[in-house]
Amino acid sequence: MTHLYIALVDTPGLFASLIRHFLKQRYIHAVIAEDAEMTEGYSVGRRNPAIPVFAGFEREDKYKILRVFPKAYYRICELSCTYEQKRNIMERLEEDYKRRFHIHYAVLGLPFILLGLPFYIKDQYTCSSYIARLLQENGICISDKHFSLITPKDFYEYKEMRMIFEGELSEITAEERNHNKIKGVSVYE
């Protein structure tokens, strides 16, 4: 057995506060990564952390996020899986990253989530629905709901998910910088 990591994120901002208000949950964004440090995290979200209008599939840069949202709050959870599941998921993430400009944020799907009605438009996802579908296609089902109705709350309520960190993103990056200073490695800022 090995692990995948899901980060549930609470960021400030108007768009985030609207989603938070309607979903009535603190964490309104989800990211999937190979490691707990979120070295290479993937999500369907803002292409640029400062601009909420342009959104799609991206490889997240935690240092860019930290500059725009210095108080971003993360809950990182560990999910057990097989080596084969992890390999397949990471390969799919790399494939989707290559075609990232064809995968878009499903803004039109947000009202359907509130109504509890499944929806799917080809290559359009919310951050949670993308991860839920990816996991489901690899034999990991976090909920009985249709993947399009999954929200970040479903991830942290999933019994097989183990929380390993909760705090500000600055804590993760500070710890990483300190660790890399000891090893003599430069960290991109």
Item to complete: Could you please let me know if ILE113 is over 19 Å from ARG47 (Cα atoms) and either modelled with pLDDT under 95 or surrounded by 14 or more Cβ atoms within 10 Å (Cβ to Cβ) (or both)?
Response: yes
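Quick grid of which residues meet (1) under 18 Å from TYR130 (Cα atoms); (2) part of a helix (DSSP H, G or I):
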position: PRO12; (1), (2): no, no
position: ARG46; (1), (2): yes, no
position: TYR63; (1), (2): no, yes
position: PRO70; (1), (2): no, no
position: GLU84; (1), (2): no, yes
position: ASP96; (1), (2): yes, yes
Response to the item:
Of the listed residues (ARG87, ARG67, ARG99), the one being more than 15 Å from the chain's Cα centre (by Cα), within 13 Å of LEU4 (Cβ to Cβ) and not polar (S, T, N, Q) is ARG87
Item to complete: Check off (1) within 21 Å of GLU168 (Cβ to Cβ); (2) out of contact with any helix residue (DSSP H, G or I) (no Cβ under 8 Å at 6 or more places or on another chain); (3) in contact (Cβ under 8 Å) with a residue 60 or more places away in the chain for SER80 and give me the number that stays unchecked.
Response: (1)
Discussion item. Anything in the stretch 24-46 that is without any contact (Cβ under 8 Å) to a residue 60 or more places away in the chain and surrounded by fewer than 22 Cβ atoms within 10 Å (Cβ to Cβ)? List them, or say none.
Written reply: LYS24, ARG26, GLU34, ASP35, THR39, GLU40
Item to complete: Just give me the residues in the stretch 149-170 being among the small types (Gly, Ala, Ser) and in contact with a strand residue (DSSP E or B) (Cβ under 8 Å, 6 or more places away or on another chain), in sequence order.
Response: GLY167
Worksheet entry | Selection within the stretch 112-157 - among the aromatic types (Phe, Trp, Tyr) and touching a Leu at 6+ places or on another chain (Cβ under 9 Å) | PHE112, PHE119, PHE147, PHE155, TYR156
Discussion item. Which residue is modelled with the lowest pLDDT, if the candidates are limited to the stretch 119-136 and must be of a type in the set (Val, Ile, Thr) and closer than 15 Å to VAL9 by Cα?
Written reply: THR126
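The values are calculated or read from the model by the stated rules, or taken from the named source; none is laboratory data. The model shown is predicted, which means the values in this text are computed figures rather than measured ones. As a convention, Cβ positions derive from the backbone with ideal geometry for all residues, glycine included, and neighbour counts pool all protein chains shown.
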